[in-house]
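One structure below.
Read-outs throughout are calculated quantities, based only on the coordinates presented, and are distinct from any laboratory measurement. Fair warning: this is a prediction, and the values are worked out from it, not measured in the lab. Backbone-built Cβ (ideal geometry, glycine too); neighbour counts: all protein chains shown.
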Amino acid sequence: MAETKGLVHKAVALSGNTTGAIDKNYSSSLGKFILKEAGLKPSEMNKLQEMPWLGYIALANRAAAKYNEQNGGNGMMRGAFGPVGDGFHVPMDIFYSDAQAPSSKVPMLFCTTTCEFSISRDNAELEKIDRKQLVEWVNKLKGGNGEGIVAAYEKAFPDKKPIERLGLIMSARDKVIATANAKATQAAPVYLAWFGWNPPLFDGRMRAFHCLDICFWLKNTDLMLTHTGGGKRPRDLSIKMTDALLSFMRTGNPSCASLPEWPEYTAEKGATMMLNDECKVVYDPDREARKSLSE
């Protein structure tokens, strides 16, 4: 955003990412379709704001589903609604592609989790899925190529069981890597983390789920008992992560005394800090596995 020039000196992006905003033509057409679904004229747009919010969400989602079915979606992870590339506030082209953009001098740290969502969290029986069932799950989630994807993740993660591989396959890491690669074309450094700490709750079935890392970065693990269970184990990791965050905020480099040396991320080497009870640097361990997601 051009308006942020001089206001942001470091940036940390947690969870899923994208390299582009929603096309403004798509957004405009969808807006007109929502008005049509509501039986309103453009001059009556204010009536949408007068609706109870639950009623409007139901209307908007219904309209978006119909619109996408008739015209095709926008390919965004969050679906029909989100930031729109207007060419002024938000770029219309690929993010970070402008060498003169305010972001070009802002170091960034990206972090995502190894699972995002554990389907066995509230269904212990799913912990027992076998390879055949895993292929079926992946076919359903990815629209095919289950066998190829499972084989690729087996090779990359031979020590994981099927339910754990499913979490890795469902994670948002491919989107984060794409964004980190785009940002790495600019002058400012990029650092990448992968959070894999598994809470003891639900017999360990929650795994490293979406947003779990936030309370660790902010040293709030003893407040977020529903996420961590509290105590020394999560607190120890949180201290390391907070040290890294403070170092990054001060210097633009997350390396600190409580963690191994944290190399700068590049698309070629893919240096990644694995955040767990034991923290270590790995080099794009799922590179080949990720390729299977788009084959």
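Candidates [x] 15.1; [y] 16.9; [z] 17.8; which is the computed mean projected area of the Cα convex hull in nm²?
Checked against the structure: label [z].
Can you list residues from other chains, or at least 5 along the same chain, whose modelled amide H is less than 5 Å from the amide H of residue 192?
Here the answer is 110, 265, 273, since their amide H atoms fall under 5 Å of that of residue 192.
Students often get this wrong, so check it: of 128/232; 5/183; 155/291, which have C-alpha atoms separated by over 23 Å?
As for pairs spanning more than 23 Å Cα to Cα, those are 128/232.
Which one, 34, 92, 72, is farthest towards the positive end of the dipole of the stretch 21-93 when Lys and Arg carry +1 and Asp and Glu -1 on their Cβ?
The residue sitting farthest along the positive end of the dipole is 34.
Send over the per residue convex hull volume for the stretch 16-153, Cα only, as a whole number of Å³.
192 Å³
Work out the length of the dipole vector of the stretch 103-294 about its Cα centre, built from +1 on the beta-carbon of each Lys and Arg and -1 on the beta-carbon of each Asp and Glu, and round it to the nearest 20 debye.
260 debye
Dipole of the chain (Lys/Arg Cβ +1, Asp/Glu Cβ -1, origin at the Cα centre): which of 276, 57, 4 lies farthest to the positive side?
Positive-end residue among those listed: 57.
Over the stretch 1-133, what relative contact order in percent results from Cα pairs under 8 Å that are six or more residues apart?
45 percent.
Please report the base-10 log of the normalised intensity I(q)/I(0) for the stretch 21-93, using a Debye sum with one equal scatterer per alpha carbon and no solvent, at each q in 0.14, 0.23 (1/Å).
-0.46, -1.09
Would you calculate, for the chain, the mean residue ellipticity at 222 nm contributed by helices, counting each DSSP H stretch of 4 or more residues as -39,500 (n - 2.57) and dividing by all residues, to the nearest 500?
Helix contribution divided over all residues of the chain: -11500 deg cm²/dmol.
Starting from the 7 Å offset along Cα-to-Cβ, what nm value, one decimal, do you get for the label separation of residue 29 and residue 62?
2.3 nm
How do the peptides 277-283, 160-166, 185-191 rank, highest first, by the average count of neighbouring beta carbon atoms within 10 Å per residue?
160-166, 185-191, 277-283
In whole Å and largest first, what semi-axes does the C-alpha gyration tensor of the stretch 131-243 yield when each eigenvalue is scaled by 5 and square-rooted?
28, 22, 11
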